[in-house]
């Protein structure tokens with residue numbers, strides 16, 4: 001097997017072949033420009049603007065290539081956590097059975113489990129990534145949470161998804177590993193970020209290290225595919241549409257889990273606390289109703305809301321562990337502080353400490 005294409009060897013002939021594989025038989029890429037985009041820390045995205053000959057109206061004029069980060073620490077993390085094989089396999093094996101909005105994938109290739117891989121994806125411009133630091137409006141939050149129905153409902157308790165090594169699911173072994181990673185990285189996290197957190201926020205983050213419950217839980221009765229890292233930086237938002245049109249990217253952590261963890265993770269990290277408090281129950285009720293409309297009729301509201309409360313703890317593991325395992329940047333520091341503070345405030349607001 002030849003190595004996947006990399007940012008260093010993409011050429012016009014390769015891009016032409018990918019277009020023709022996708023059905024654009026007469027298209028030829030004469031030349032192109034490449035521009036790095038996004039703020040990913042485990043992956044790296046490049047927009048290719050194509051100078052075309054023989055194209056018709058259906059031929060894309062821009063495409064986005066996704067590759068492993070060029071930072072050695074982040075690349076090692078991507079392999080360790082199966083981020084690269086998960087994302088490639090998501091587009092190869094799962095995307096066609098879901099209704100959640102994702103970019104069209106024109107090409108996917110990976111060397112083993114990485115780090116060398118490539119995805120060539122539809123460019124969703126004029127949609128723009130959300131801003132994790134700024135947060136979002138209630139309108140965007142509602143649209144983003146409702147988009148999750150297209151992930152959770154089609155995969156609800158689907159036994160055919162179990163047993164895929166690359167996808168995985170919670171087990172006692174992975175829960176134990178999660179606790180170990182959390183506790184091992186907690187001192188460094190608090191040393192780096194603790195002074196920027198309120199005392200009660202730092203306290204609940206520390207308390208999660210001794211949790212025998214969330215975020216280290218088995219599947220339970222309500223399970224599905226989950227994105228895990230469903231946050232504004234991983235959404236492309238077209239605000240010219242009403243309601244805003246959401247496209248979901250960065251499927252590097254997809255697994256089987258508890259669906260309300262995605263909902264709580266997004267609302268907890270994606271909204272400033274005052275805005276979240278004003279709309280979160282209405283949004284979760286809208287999600288529950290949309291799941292019912294999609295055929296999930298055996299999931300009572302009380303169960304949904306309790307799972308949402310439990311899900312407020314889900315963001316702690318991602319925040320603490322990931323922040324210590326990727327390249328440190330100024331924006332990354334600000335992002336992890338915002339996420340830690342908002343997740344902690346969310347869990348405190350909903351009394352989730354009693355669930356640890």
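We did not get these values from a lab; they are worked out from the coordinates using the rules stated. Quick caveat, the model's predicted, so the values are computed rather than measured. Ideal geometry is used to build each Cβ from the backbone, glycine not excepted, and the neighbour counts take in all protein chains shown.
Worth pointing out:
- In degrees, nearest ten, helix 138-147 long axis to first principal axis of the chain (Cα): 70 degrees
- Mean residue ellipticity at 222 nm, helices only, the chain: -13000 deg cm²/dmol; runs of at least 4 DSSP H residues each add -39,500 (n - 2.57), and the sum is divided by the number of residues.
- Relative to the longest principal axis of the Cα atoms of the chain, the long axis of helix 314-325 makes an angle of roughly 60 degrees.
- The eigenvalues of the Cα gyration tensor, multiplied by 5 and square-rooted, give segment 12-122 an equivalent ellipsoid with semi-axes of 26, 17, 12 Å from largest to smallest.
- Across all Cα atoms of the chain, the radius of gyration (one decimal) and Dmax (whole number) stand at 20.2, 63 Å.
- Packing-based ranking, highest mean first, of 104-110, 324-330 given that Cβ atoms within 10 Å are counted: 104-110, 324-330
- As a length-normalised measure over Cα pairs under 8 Å and 6 or more apart, the relative contact order of the chain settles at 19 percent.
- Between helix 301-311 and the chain: long-axis angle, C-alpha atoms, 0 to 90°, nearest 10: 80 degrees
- Listed peptides 17-30, 223-236 by packing density, highest first (mean Cβ within 10 Å): 223-236, 17-30
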